[in-house]
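The values are calculated or read from the model by the stated rules, or taken from the named source; none is laboratory data. Everything quoted here is computed from the prediction, not taken from an experiment. No Cβ is skipped: glycine too gets one built from the backbone with ideal geometry, and neighbour counts run over all protein chains shown. Protein only, heavy atoms only, side chains kept; ligands, DNA and RNA dropped before computing areas. Shrake-Rupley method; radii C 1.70, N 1.55, O 1.52, S 1.80 Å.
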Amino acid sequence: MRSRAFASVLVMIALIVAISAVGILQIAALGQASSGREAIAQVRAQWAARAGLEAMIARLEYDTENPDATDAFKTLDDMVAVSERQFDTSSYRVATWDDGREVLGPADAHAKINVNRLTADQMLELEPMMTDDIADALMDWIDSDDDTNPMGAEIGYYQGATYPYKPRNAPLRSLTELELIAGIDAEDVRGEDWNQNGLLDPNEDDGDLSWPPDNADGRLDSAWSELLTAASVDGGMTSTGEEPLDLSGATAEDLATRIGVESDQADVIINAAQNGVAASLSTFIVRDLTQLNRQMNPTLPRRQTQVPALTVEQLGKLLDQTTLGSSAQQAGLPAGSKLPGKININTASTRVLESIPEITSSLADSIISERSARPQGFNSIAELLEVPGMTRNELAVIYELLTTRSNVYIVTSRGRDTRTGIEVEITATLDRSALPLTIKDLRMR
């Protein structure tokens, strides 16, 4: 009897062990299946985000090759039109934060001030973010020498850090590089936008519950990154999809064909450009062609030097379709170098325009007001002459700072798996200053 009882106990134990083993195997199998489903969902979300990025690239390249010179907003509008899509099991959405709210489409890098383009005096106008010591340290970081500005910092300062490093002594490659510069903290640069994706994420709008610190007011405070960028670049194709015409080597016939001026107008422009009378294109903003012609031909009778003045349309084409030497040569940079980008007056906010020392707050308001009245925006810098209060002298000063066409866009594409809600986000910087366009930066999370 005892043997049978003992045997029964052993059988029961064996059954319990077998059942437990089966249960453990089932749990493991369920866990693996769940992990597999999550992995598949992650892949679906990733490819949806990639689809959003590819849609932005396709629209941007198409509009670069097929531009509309009469609508300054067309490229951005076309990108907005393909900024969200629903697939069978996933979707994507491309969005950014603009003027206190989330909007569809990419962020325009030229809507901000390129920090690499600023002088020390211009930096100090960016109150209250800039102080004398920060401006000097920033200039020391960017300039090519090791000479320290009065309140700045050069290699000796950085070599004394806990983890020594060297200043770049060249333009910043990204805005977050500012955080390496003496006197600048990450909070100064990023504010609440800690991951620099241009969106208000849940952890950036929950008060003290999670990093970073924020005021949970439903608005994105992105600190310096609201005004500054290091991504925009100058140059590229014109608004008609052509390479700019270099006046230093062009003929009068080339110019007349390109911008639609009369032959005598073209002669004066080419002679002024090639004989040093016009040091830059801004000369043609403040001085009319008759004045330039008389300066170049002082012995001719005044009647013979009379030349029709450029219309606003002709001046606009001259400023937008031509160059006087390459921008890199003018800045003393090696051939092929790209200058930091200008500010697009069609996308810049009032705060950005007011932060430009050469533009008063009243003039910034006038520009914004005039822009709002133009459904197709400003299509040339010369059209700023139609802004109330704008003079030719003022336009000549700000001409080198502004543009009506953007080369660089920041795309944040968020892919989502419909079944699980899993999301993957891709942020990329697209540069169309040359074709095929380039992806200058790519981050995934």
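Some points to look at:
- Neighbours by Cβ (under 6 Å, 6+ apart or cross-chain): first from region 109-132, in contact (Cβ under 8 Å) with a residue 60 or more places away in the chain; second among the aromatic types (Phe, Trp, Tyr) and outside any loop (DSSP other than H, G, I, E, B): MET129/TRP224
So that you can scan it fast, the table gives a plain yes or no per residue for (1) at positive phi; (2) in contact with a helix residue (DSSP H, G or I) (Cβ under 8 Å, 6 or more places away or on another chain); (3) open to solvent by 20 Å² or more (accessible area, probe 1.4 Å):
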| position | (1), (2), (3) |
| --- | --- |
| ASN197 | no, no, no |
| ARG219 | no, no, yes |
| LEU227 | no, yes, no |
| VAL233 | no, no, no |
| GLU243 | no, no, yes |
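- Residues located in region 420-439, provided they are in contact with a Lys or Arg (Cβ under 8 Å, 6 or more places away or on another chain), over 30 Å from LEU315 (Cα atoms) and not hydrophobic (A, V, I, L, M, F, W, C): THR420, GLU423, GLU425, THR427, THR429
- The single condition among (1) in a helix (DSSP H, G or I); (2) farther than 30 Å from ALA382 by Cβ; (3) open to solvent by less than 70 Å² (accessible area, probe 1.4 Å) that GLU54 does not satisfy is (3).
- Scan of region 179-229 for residues that are within 18 Å of the chain's Cα centre (by Cα) and of a type in the set (Lys, Arg), ordered by number: ARG190
- Of residues in region 268-281 being crowded, with 20+ Cβ neighbours inside 10 Å and of a type outside the set (Val, Ile, Thr), the one nearest to ALA348 (Cα to Cα): LEU281
- Condition check for ALA364: crowded, with 19+ Cβ neighbours inside 10 Å and of a type in the set (Gly, Ala, Ser): yes
- Pairs, first without any contact (Cβ under 8 Å) to a residue 12 or more places away in the chain in region 255-277, second hydroxyl-bearing (Ser, Thr, Tyr), C-beta under 6 Å, six or more apart: ALA256/SER263
- From the list GLU394, GLU383, the one residue that fits, being assigned to a helix (DSSP H, G or I) and at pLDDT 95 or above, is GLU383.
- Test: ALA161 is under 25 Å from ASP234 (Cα atoms) and exposed (fewer than 14 other Cβ atoms within 10 Å of the Cβ): no
- Residue that is modelled with the lowest pLDDT [pool: residues in region 229-243 that are part of a loop (DSSP other than H, G, I, E, B), over 19 Å from THR70 (Cβ atoms) and not small (Gly, Ala, Ser)]: GLU243
- All positions within region 351-378 that are in a loop (DSSP other than H, G, I, E, B) and within 19 Å of the chain's Cα centre (by Cα): SER355, ILE356, GLY377, PHE378
- Residue in region 115-130 that is of a type in the set (Ser, Thr, Tyr) and open to solvent by less than 60 Å² (accessible area, probe 1.4 Å) present: no
- The listed residue being within 24 Å of GLU394 (Cα to Cα) and among the polar types (S, T, N, Q), out of GLN274, GLN304, GLN295: GLN295
- Only one entry of LEU104, LEU53, LEU76 meets the criterion of being touching a residue at least 60 places away in the same chain (Cβ under 8 Å), touching a strand residue (DSSP E or B) at 6+ places or on another chain (Cβ under 6 Å) and hydrophobic (A, V, I, L, M, F, W, C), and that entry is LEU53.
- The listed residue being open to solvent by 40 Å² or more (accessible area, probe 1.4 Å), modelled with pLDDT of 90 or more and within 17 Å of GLY236 (Cα to Cα), out of LYS317, LYS338, LYS342: LYS317
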